[in-house]
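The next block holds one structure in the form of structure tokens; read it before the comments.
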Amino acid sequence: MDRRRQSNRVENDALQTFMDAKFNDGSSPSAAIVTGLMICLLFAGQHTSSVTASWTGLFMFDEVRRGNKKLLDELLAEQKAAGANLDYNTIRHDMPLLHASVSEALRLRPPLIFLMRTAMTDLQIKVICLDALALDDAGDVDEHK
């Protein structure tokens, strides 16, 4: 960030978006805040897939334990037929039980790595003041107080 700012280089990327952001008081986020936001983006992209795959696998093993082997049979048969070509399209179109299982895992155990919160009242934390947001009837941000 420091090198980019010193060289006056401007890029069209997430880092630049965070660097150019402004708080309500007009100040810019510190390097530590921008770093935290970038780490959140990194984890959001990596952990959502692994969390979903883990829950899908756990649910599948539970089904097998209870005697329901339909999903496991579908998975093994398609893997044998597709070989190394097992891809998203195969899962989406040729493996309805696996696709439904992934969808159900996402419904039951969504990978909520990063939860957004809304300040309902102004809140002072050390030197930072979190301003309450005025929400319209649909829950969208209407304006700052």
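Observations, loosely collected:
- Euclidean distance between Cα centres, region 19-36 to region 64-83, Å: 49 Å
- Whole-percent carbon and sulfur share, accessible surface of the chain, 1.4 Å: 57 percent
- Computed about the Cα centre, the dipole magnitude for region 30-104 is approximately 140 debye when only Lys and Arg (+1) and Asp and Glu (-1) carry charge, each at its Cβ.
- Taking 0.36 nm per residue of sequence separation and removing the Cα-Cα distance, the Asn85/Arg4 pair yields an extension gain of 24.9 nm.
- Cα convex hull of the chain - mean projected area over all directions, nm²: 14.4 nm²
- Calculated mean residue ellipticity, 222 nm, the chain: -18000 deg cm²/dmol, from DSSP H runs (n ≥ 4) at -39500 (n - 2.57) each, averaged per residue and rounded to 500.
- When you count the other C-beta atoms within 10 angstrom of each residue and take the mean per peptide, 93-106, 12-25 line up highest first as 93-106, 12-25.
- Only Lys, Arg (+1) and Asp, Glu (-1) charged, at Cβ; the chain dipole about Cα centre in debye: 640 debye
- Two-site FRET efficiency, Arg66 against Ser103, from Cβ-Cβ distance with R₀ of 25 Å, rounded to 0.05: 0.80
- Counting lysine pairs in the chain that sit 8 or more residues apart in sequence, or on different chains, and whose Cα atoms lie under 30 Å apart gives 5.
- Å² per residue, accessible surface of the chain at 1.4 Å: 77 Å²
- Cα-Cα separations in region 1-42 greater than 17 Å, expressed as whole percent: 29 percent
The values are calculated or read from the model by the stated rules, or taken from the named source; none is laboratory data. The shown structure was predicted, so the numbers you read here are calculated from the model rather than taken from an experiment. All Cβ positions, glycine included, derive from the backbone under ideal geometry; neighbour counts span all protein chains shown. Ligands, DNA and RNA are excluded from the accessible area calculation, which covers all protein heavy atoms including side chains. Shrake-Rupley method; radii C 1.70, N 1.55, O 1.52, S 1.80 Å.
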